[in-house]
1. Write out, first by first residue and then by second, each pair whose Cβ atoms fall under 7 Å of each other, whose residues are 6+ apart or on separate chains, and whose first residue, in the range 60-82, is within 15 Å of Pro160 (Cα to Cα) while the second is of a type outside the set (A, V, I, L, M, F, W, C).
2. How many residues are closer than 13 Å to Pro107 by Cβ and in a helix (DSSP H, G or I) when one looks only at the range 134-163?
3. Being part of a loop (DSSP other than H, G, I, E, B) and small (Gly, Ala, Ser) is the filter; apply it to the range 171-223 and report the residue that is nearest to Lys3 (Cα to Cα).
4. For the range 117-156, how many residues are of a type in the set (A, V, I, L, M), buried (at least 20 other Cβ atoms within 10 Å of the Cβ) and in contact with a Phe, Trp or Tyr (Cβ under 9 Å, 6 or more places away or on another chain)?
5. Scan the range 174-223 for residues that are of a type in the set (Phe, Trp, Tyr) and closer than 15 Å to Gln90 by Cα and report the count.
6. Only one residue in Asn120, Asn159, Asn202 is in contact with a helix residue (DSSP H, G or I) (Cβ under 9 Å, 6 or more places away or on another chain), over 18 Å from Lys44 (Cβ atoms) and without any contact (Cβ under 8 Å) to a residue 60 or more places away in the chain, so which one is that?
Amino acid sequence: MIKMINIQKIYGTGTAQVEALKGIDLEIKRNEFIGLIGPSGSGKSTLMNIMGCLDVPTFGEYYFEEKSVESLTHNQLAEIRNEKIGFVFQNFNLLPYATTFENVEIPMIFKGFRTKERKNRVMELLEKVGLEGRALHKPSELSGGELQRVAIARSLANNPSLILADEPTGNLDTKSGDEILKILENLWEQGHTIVVITHNPNISARAQKIVKLIDGMMENNGK
C-alpha cells in the first residue's frame, strides 16, 4: 500500500535548515497494523503528514497504492485524502457547533452521498463506535473518549483503506485510551490498514510491527 524510498524533509534555508526526516525507507502492506513511536521531535508527525498526502517530501519517492504521489495533481491528492485515508488527531478536530451526527456526516457530503445514504451510514458508524445514543450531542456535551470515538467514526465515513491516527490516546485517561486502541484493533481485524503514532506502551502489544524514529531516522529500518 505504501512505499517510501529515501524520504527526506528539510525545513528552512541556509544555516537555519532543519532535517526533520533523513532518508526514510519504509513499506507498509495492506491490512498491517503499524505502531510509529519515538521521542518528541523525532519526525513522527512529519512522516505521517507525508503518508497522508498533507505534505510532500523535500527529496525521495513516495508511492501510495503503487502510484507516485509526486505525479498527482492537487485534485487527485484531495481525492485520496477524502476517499482513501481516514485521519484521527489527538485534539479531535471536530466542529464545535455541529452535532455528533453532523461531524461524522461532513466527509460524505463532500463525496456526494445522497441524504438517505448519509443518514444510514452515519448511524452505522456511530453504532460501530458505541455512540448511537449520542448522535444529537455537540462536542461540549461529550467526554474526551467519546470525542475521539466521534473522530474515528468520521475517519471511516468514506470507508478508507488506510487509517492514520496521530496520538489518538494522548489526551485521554488510561481507560478511555485503551478503549480507543481496542476500536482501532477491531478496525484492523475488519481489513483496514492502521498506522498509529503513540507514546502508549500498550500499542506494542497490539501492533504487528513497531517503527521507531530517532532524530529523523528509522531505527533498524523498521524491521
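No lab work stands behind these numbers, since they all come straight from the coordinates. Keep in mind that what you see is a predicted model, and the values were worked out from it rather than measured. Positions of Cβ are generated from backbone atoms using ideal geometry, with glycine treated the same way; all protein chains shown enter the neighbour counts.
1. Every condition considered, the pairs that remain are Arg81/Gly52; Asn82/Pro107; Asn82/Lys111; Asn82/Asn158.
2. Total meeting the criteria: 6.
3. Gly216
4. Final tally of qualifying residues: 5.
5. Counting residues in the range 174-223 that are of a type in the set (Phe, Trp, Tyr) and closer than 15 Å to Gln90 by Cα gives 0.
6. One residue alone meets the criteria, Asn159.
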